[in-house]
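Okay, structure first, notes after.
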Amino acid sequence: MPRTPLEPRFTVEYLSILDAEGNLDSALDPGLPGAELKRLYRAMLLARRLDERMVRLQRQGRTGTFAPIKGQEASQLGSVAVLRPTDWMVPSFRETASMIWRGWPIEKLLLFFAGHLEGGQPAPDQRDLPITIPVSTQLPHAVGLAYAAQYRDDDVVVMAYFGDGATSEGDFHEALNFAGVWHVPVVFVCQNNQWAISVPLKKQTNSKTIAQKALAYGLPGIQVDGNDVLAVYAASREAVERARAGEGPTLIECVTYRLGVHTTADDPTKYRTAEEVAEWERKDPLTRFAAYLKKKRLLEDGLEAQVDEEIAAAIARFEATAPADPLVMFDHVYAELPPELKAQRETLAETLRSGEPGRREKHEPSPPMRGQRSGRR
Amino acid sequence: MAKLNLVKALNLALMQEMQRDPDVLVIGEDVGVDGGVFRVTEDLHRTYGSKRVIDSPLAESAIIGTSVGMALYGLKPVCEIQFSGFAFQCFHQIENHAARYRNRSQGRFHVPMVMRMPYGGGVRALEHHSESEEQFYAHIPGLKMVIPSGPRNGRALLAAAIRDPDPVVFFEHKALYHAHKEDVPDEPETMDIGRAQVVSEGDDLTLVAWGGMLRVAREAAETLEQEDGVSCDVIDVLTIAPLDRETIVRSVSKTGRAVIVHEAPRSFGPGAEVAASIMDGAFLSLEAPIARVTTHDVPFPGFAREKANVPDVARVVGAARETLAF
């Protein structure tokens, strides 16, 4: 018996629209109105400035460990911007820009990274899941949300974020497989930022692209220049439209780069070279988008001061937050507090009232975390 | 009222809850056309169709993980993990997510789902098909852990678990599936999760058991009555977490002696928590150390050696006599 090639043959495309100098491939222009382009740039700039500020807040001991997004603004905003408020967004732990676009107040994110669970509570009408920390485990949730939406016959698309490291986890593969079999309206957005803490992509997978992993599960996969907000937007719009039309899931691989640390507890100089970082800095998503907007006369003056002011106001609100009431830890464990937990709550309440042992003195500083200065200023 | 075994009783609960609430879905491996490897989901597929009775791909983590997503959306999935021994492939979804979304989202979301798992030994099955590992789930804040001991409470507790707003792990002992029949009311019936039952009353000793071990405890109580003239309180715990400490403490305050029987390995098992609760609540009433009769701290030894591992009536009676003679 001869060996016969099987049909269909698979292909994976790469999409790029704006080059590193901000030159547009007009044949591929997604045709966004000027106001939308300006809104996207403002969101990218806000995300960048906030990111830098959040790293400083951690260094000062005002917040805890934080995972910066610097360099990934285009991947996040180009994708999230195609969603409707009635769609669902499922983040991992490095989606500050997407979350702010979806309406998370900055002070809430600061609260989250300062150890207050209140910062992870979506607003009552907000269709976002909270930050998920265990890598890739949020992807099956996205598939379940999409199944439920389809079951209820709701006009809803789910977008889920993860990184290159997540594609080695079983949950990534299980989620894509279930999504393919169930043919549900979900868009998987991989931010391939080249590094999973210290492990580079070539040690993460032997596949040439992450996009091609979709093909094994019977769904389309596309690779885009993740530092090109227009390319990410175009690919995401196509995927979301396909999902909305009942044509099933898509995997989008955004090729980008984490310009900063993995988290504030990490020192990347240990595992990657300054030359590599410099090379990616030349492909910075903000620089090229700004150059493009400048040519189109859409770049606003004083934008930086504007976003800085917005951030400063949010930080002031964050710092005015009342100290965490320890008893809240019992409020959201079960719908109704079981007797044993009720007793534990009463014991703690009594301890707190009497100021007995177990209660940390109000002004006693916590020991410094990795990446923080040891002394308070 | 019909005489049903545990399989049929659980099936009745699923049928009626799906009838009652269109948000209830069933998902798992072979739960649809095949009706489940133990037939607990028989005929559901024919009655409610493949959108509501989902033959999923073979992947425990995604069965639980997608169910978490469905529950976050407002549906009420009832997942079947074919054998509890395979649940370690979805343990992270249970511990990291099902149990925590209410807390993580500060009440914005909750996860009303049931995770059914056949468990327990004595059925001449292989490794991973014979273990009793309820302690892992009982230890997780945010989760409820329920183990019925027969058809009537099995049906009522499963219906209650499906209606519960919190995630429930629901163990079904394989040796009980066809062990006996009981009268089960035709009309829907529920029982409170978090309540133990005193199934027979006595003054001299408290026997605490659940699931497949309840029958062993009851037979031990009968032997003690007949051969020693000793009368026992036998407590069917039914909900491992949250544990009904009050019922156990009340009983031991009366009897002064307790023997705890479970099929999970001894060390750090649920019996330790029961014993600690007795120490907290009935210390001054105790006449003897609290005894535990359990499997040994060994991995499943194979069914050729299982009899020597799983507690039986003789071991329980022996422990009871030592306690009584102290």
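The values are calculated or read from the model by the stated rules, or taken from the named source; none is laboratory data. Everything quoted here is computed from the prediction, not taken from an experiment. All Cβ positions, glycine included, derive from the backbone under ideal geometry; neighbour counts span all protein chains shown.
Things to note:
To keep it simple, each residue is scored yes or no on (1) surrounded by fewer than 23 Cβ atoms within 10 Å (Cβ to Cβ); (2) over 23 Å from the mean Cα position of the chain (by Cα); (3) more than 8 Å from chain A (Cβ to nearest Cβ).
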position: B:5; (1), (2), (3): yes, no, yes
position: B:48; (1), (2), (3): yes, yes, yes
position: B:68; (1), (2), (3): no, no, no
position: B:83; (1), (2), (3): yes, no, yes
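- Any chance residue B:157 is crowded, with 24+ Cβ neighbours inside 10 Å and more than 14 Å from chain A (Cβ to nearest Cβ): yes
- Any chance residue A:63 is in contact with a helix residue (DSSP H, G or I) (Cβ under 7 Å, 6 or more places away or on another chain) and under 20 Å from residue A:121 (Cα atoms): yes
- Qualifying residue in the range A:233-244 (condition: part of a helix (DSSP H, G or I) and modelled with pLDDT under 95): no
- Qualifying residues in the range A:122-151 (those that are under 17 Å from residue A:251 (Cβ atoms) and more than 7 Å from chain B (Cβ to nearest Cβ)) - the one surrounded by the fewest Cβ atoms within 10 Å (Cβ to Cβ): A:135
- Taking residues in the range A:223-246 that are free of Cβ contacts under 8 Å to residues at least 12 places away in the same chain, and partners anywhere that are crowded, with 24+ Cβ neighbours inside 10 Å and part of a helix (DSSP H, G or I), not one pair has Cβ atoms closer than 8 Å while being at least 6 places apart or on different chains.
- Residue in the range B:138-146 that is within 14 Å of chain A (Cβ to nearest Cβ), crowded, with 19+ Cβ neighbours inside 10 Å and either over 16 Å from the mean Cα position of the chain (by Cα) or at positive phi (or both) present: yes
- Hits in the range A:165-202 (condition: of a type in the set (Asp, Glu) and crowded, with 24+ Cβ neighbours inside 10 Å): A:171, A:174
- Count of the range A:180-200 residues, restricted to those that are farther than 30 Å from residue B:56 by Cα, among the hydrophobic types (A, V, I, L, M, F, W, C) and assigned to a strand (DSSP E or B), is 3.
- Scanning the range A:121-130 for residues that are under 17 Å from residue A:332 (Cα atoms) and touching an Asp or Glu at 6+ places or on another chain (Cβ under 9 Å) yields a single hit, A:122.
- Just one of the numbered conditions (1) surrounded by fewer than 17 Cβ atoms within 10 Å (Cβ to Cβ); (2) modelled with pLDDT under 95 is not true of residue A:61: (1).
- On inspection, residue A:232 passes the criterion of being within 16 Å of the chain's Cα centre (by Cα), over 22 Å from residue B:66 (Cβ atoms) and crowded, with 24+ Cβ neighbours inside 10 Å.
- Close contacts from the range B:208-232, counting a first residue that is touching a residue at least 24 places away in the same chain (Cβ under 8 Å) and a second that is aromatic (Phe, Trp, Tyr), with Cβ to Cβ under 7 Å and a gap of 6+ residues or different chains, come to B:211/B:171.
- When B:89, B:93, B:106 are checked against the criterion of being surrounded by fewer than 21 Cβ atoms within 10 Å (Cβ to Cβ), within 10 Å of chain A (Cβ to nearest Cβ), touching a Ser or Thr at 6+ places or on another chain (Cβ under 6 Å) and not hydroxyl-bearing (Ser, Thr, Tyr), B:89 stands alone in meeting it.
- Yes/no for residue B:19 being polar (S, T, N, Q), free of Cβ contacts under 8 Å to residues at least 24 places away in the same chain and away from chain A (no Cβ under 14 Å): yes
- Residue within the range B:200-223 that is buried (at least 21 other Cβ atoms within 10 Å of the Cβ), within 14 Å of chain A (Cβ to nearest Cβ) and modelled with pLDDT of 95 or more present: no
- Whichever residue in the range B:292-315 is more than 14 Å from residue B:212 (Cα to Cα) and of a type in the set (A, V, I, L, M, F, W, C) and, among such residues, is surrounded by the most Cβ atoms within 10 Å (Cβ to Cβ): B:300
- If you go through the range A:283-324 and keep only what is in a loop (DSSP other than H, G, I, E, B) and either at positive phi or surrounded by 12 or more Cβ atoms within 10 Å (Cβ to Cβ) (or both), you end up with A:283, A:284, A:296, A:297, A:298, A:299, A:300, A:302, A:321, A:324.
- Every residue from the range A:151-175 that is within 20 Å of the chain's Cα centre (by Cα) and of a type in the set (Ser, Thr, Tyr): A:161, A:167, A:168
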